[in-house]
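Handing you a structure now.
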Amino acid sequence: MKIKKILIANRGEIAIRIMKTARLMKISTVAIKTALEPNAMYLSFADEIFDNSEDVSEIPVFLDIEKLIAIALNTGADAVHPGYGFLAENAYFADKCIDNKIIFIGPSPDAIYKMGNKTIARKLAMKNGIPMAMGSEGNISNEEEAVAIASKIGYPVIVKAASGGGGRGMRIIRKAEEMERMFIIASKEAEKAFNDPSVFIEKYIENPKHIEFQILGDTHGNVIHLGERECSIQRKHQKLLEEAPSCALDEKLREVMGKMAVQIAKEVNYHSAGTVEFLLDSDKNFYFMEMNTRIQVEHPVTEIITGIDLIEQQILIANGEKLKYRQEDIKLKGWAIECRINAEDVQSGFAPAPGKIENLSMPSDPYVRIDTGIQSGSVIVANFDSMIAKLIVKGKDRRDAIKNCKMALDKVWIRGTKTTLPFFRLLVRNDKFQNGTFTTAFIENDLDKYYFNSEYEEILAAWLATKLFVEENLKEDSINVDFENGKEMSPWLMNKRVNQF
C-alpha cells in the first residue's frame with residue numbers, strides 16, 4: 001500500500017468514521033487538537049495527535065491550507081482525508097497536497113473545480129444530454145439580466161450561488177418585483193460564504209423530491225453507482241433525514257438516473273466517492289442539480305444497503321487501485337434511514353443550541369448504527385456544526401426500517417441541550433412520511449408543529465431527574481430503560497434492562 005499515514009483534516013464524527021476504517025486497513029491516522037475542543041472525542045481514536053491548541057487565530061486550522069500542509073509534512077503523513085465540509089471540495093487544497101507529494105483522498109483538483117462551479121457543471125450536463133431545469137447558460141451579471149431571463153422561462157425561479165452549496169446564496173423568487181432585492185441578497189450571501197458572488201438562475205421546480213446517486217470512480221476510468229438516496233426531508237435546503245433507497249424510484253427509473261450520474265462523472269474523469277444530485281417532479285421527470293465531490297454526511301445509508309465501506313473505497317482508489325465492483329455486482333438489500341440529531345431548538349425554528357452534553361444514551365440494538373463524535377461531558381461549540389450524532393437504522397423493507405427507527409429514537413436520551421429528537425419522533429409518526437408521498441416542501445407545508453409530545457413526557461422527565469439524583473448522590477447501580485416495541489409507555493412499566501443512561 002502507498003498510504004501509511006493519513007492526516008484527518010477534519011473533526012467530529014466524520015474524523016472518527018475515517019479513523020475506524022483506517023485502523024481496519026492498518027493505516028495510522030493523525031488528528032489535530034484545537035483550542036476550541038481540547039478534549040474532543042475524536043482525538044482518542046487517532047494513533048497520533050498534533051497539538052494545535054495554542055493557535056487561537058480567527059481562521060480555524062481546518063480552513064488553513066498552508067497550516068494543514070505543514071502539519072502533514074511535520075507528522076510524516078503521506079495522505080490527507082478532508083472528510084466533508086471545510087476544505088473537502090477545495091480544488092486549491094487538493095492541488096497543494098499534490099504539489100507537496102501528499103495524496104489527497106478525493107477526486108482530482110480539475111474535477112473538484114468543474115463540478116464545484118455550478119455553471120460549468122450545468123454546461124457539462126447539457127453537453128451530455130442530462131435533463132436540467134431551464135435557466136441561464138452561465139453566471140448572471142446583474143438583476144436586470146436576471147429579470148429578463150426569469151420573464152423568459154417563467155416564475156417561480158431560483159437564484160443559486162455558482163460556488164458552494166448547502167442552501168447558502170440561494171433564493172426563490174415568485175414575481176419580478178422581488179428580483180432586485182433577492183438577487184442582491186443571494187449574491188452577497190454567496191460572496192460571504194464562498195468568496196465568490198457569482199450566481200445563476202433556473203426555473204424553480206415546485207414540490208419535488210430530492211434524489212441523489214452515490215458514485216464511485218477509480219483512476220483507470222471505471223465508474224459505477226451504488227443506487228440512490230432519498231433526501232427530501234429538509235428545511236431551508238438543509239437535509240435532516242435521508243434514506244436509501246427511495247420509494248419514488250422503480251428499477252427502470254433507477255437505471256436511467258444512475259446511468260446519467262455515471263455519465264457526468266466520466267465527463268470529468270472522476271475518481272473517488274461522489275454524489276450526483278437530482279430533483280424529481282410529480283410526473284417522474286428528473287433534473288440535474290449538482291455534484292458533490294466528497295463523502296456525504298448521509299453516506300452510511302448507502303453502506304448499509306450495499307455492504308460497501310465507502311471510506312475504504314476512497315482510500316483504495318487514492319492508492320491507485322481498480323474498483324473491484326462492476327455495476328452488475330451492486331445489489332440493494334433492505335432499507336436504511338438516517339436521522340441527523342443536532343443540538344438545535346426545534347420550537348425556535350431549529351436555532352442552534354450549543355452547550356455541554358451532561359448525559360447521553362444511545363441504543364445498541366443490532367438494527368442500529370450510531371456515528372458520533374460526542375459523549376457525556378462533550379461541549380457543542382458555536383464555532384462548529386451542531387451535530388451530536390447520526391442515528392442510522394436498517395430494516396428488511398421501508399416499513400420495517402420506519403418501525404425500527406421509531407423504536408431507536410425512543411431509546412435515545414440526551415441531557416444538557418435541546419436537540420432535534422422531538423422533531424424526528426414526530427416525523428416517523430406522520431402519515432405522509434410513512435406512505436412516502438412527502439416532497440422537499442413537506443416541513444413547510446405539511447407539519448403544523450415541529451415536535452412530538454409524549455403523554456408521559458412530564459412523568460418521564462421527573463423519573464430521569466430522580467434517577468440522576470440516585471446515580472450522582474447515592475452511588476447506586478445505573479437504572480436501565482427500554483421502550484417495548486416502539487410504544488410510548490409509562491416509565492413505571494419500563495422493566496427491561498437494555499440501555500444504561
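For region 241-270 and region 125-165, what is the centre-to-centre distance using only Cα atoms, to the nearest Å?
23
In debye to the nearest 20, how big a dipole does region 48-134 give about its Cα centre with +1 on each Lys and Arg Cβ and -1 on each Asp and Glu Cβ?
Taking the Cα centre of region 48-134 as origin, the dipole is about 900 debye.
Net charge around GLU144, counting only other residues with Cβ within less than 15 Å of its Cβ (Lys, Arg = +1; Asp, Glu = -1)?
Cβ neighbours under 15 Å give a net charge of -3.
In straight Cα distance, which aspartates and glutamates are under 12 Å from LYS2, not counting same-chain residues fewer than 8 positions off?
ASP78, GLU321
So what's Rg/Rh here for region 209-446, counting alpha carbon atoms and using the Kirkwood radius for Rh?
My calculation of the ratio gives 0.97.
Same structure again: Select from region 164-216 those GluC sites (Glu not before Pro) which occupy a DSSP coil region and have at most 15 other Cβ atoms within 10 Å, ordered by residue number. Don't skip to the answer; put the middle values down first.
Working: sites: GLU177, GLU178, GLU180, GLU189, GLU191, GLU202, GLU206, GLU212; in loops: GLU206.
Counting only loop positions with at most 15 other Cβ atoms within 10 Å, the GluC sites (Glu not before Pro) in region 164-216 are GLU206.
When the dipole is taken about the Cα centre of the chain, and only Lys, Arg (+1) and Asp, Glu (-1) are charged at their Cβ, what size is it in debye, to the nearest 20? If you can, show how the numbers build up before the last one.
On the way: 65 positive and 72 negative charges, 202 e Å.
Roughly 980 debye for the chain.
Given 0.36 nm per residue, what is the gain on full extension from ASP51 to TYR325 after removing their alpha carbon distance, in nm?
94.7 nm
Take peptides 56-65, 21-30 and line them up by average Cβ neighbours within 10 Å, highest first, as a rough protection proxy.
Per-residue mean Cβ counts within 10 Å order the peptides as 21-30, 56-65.
Out of the GluC sites (Glu not before Pro) in region 333-381, which ones are loop residues according to DSSP with at most 15 other C-beta atoms within 10 Å? Before the final figure, lay out each step's value.
Values: sites: GLU338, GLU344, GLU358; in loops: GLU358.
Taking region 333-381 and a limit of 15 other Cβ atoms within 10 Å, the loop GluC sites (Glu not before Pro) found are GLU358.
Once you wrap a convex hull around the alpha carbon atoms of the chain, what is its projected area averaged over all directions, in nm²?
The orientation-averaged projected area of the Cα hull of the chain comes to 23.8 nm².
Report, by chain and number, residues whose modeled amide H sits under 5 Å from the one on SER108, excluding near sequence neighbours (fewer than 5 apart, same chain).
Distant-sequence amide H within range of SER108: HIS271.
By a straight-distance test (C-alpha under 23 Å), which lysines pair with LYS192 as possible cross-link partners, with residues fewer than eight away in the same chain excluded?
Counting by Cα, and skipping residues close in sequence, LYS192 has these lysines nearby: LYS67, LYS114, LYS118, LYS160, LYS236, LYS239.
Run lengths n ≥ 4 of DSSP H only: what is the helix-derived mean residue ellipticity at 222 nm for the chain, with -39500 (n - 2.57) per run over all residues, to the nearest 500?
Mean residue ellipticity at 222 nm (helix-derived): -9000 deg cm²/dmol.
We did not get these values from a lab; they are worked out from the coordinates using the rules stated. Just so it is clear, the structure is predicted and the values come from calculations on it, not from any experiment. Using ideal geometry, Cβ is built from the backbone for each residue, glycine included, and neighbour counts are taken over all protein chains shown.
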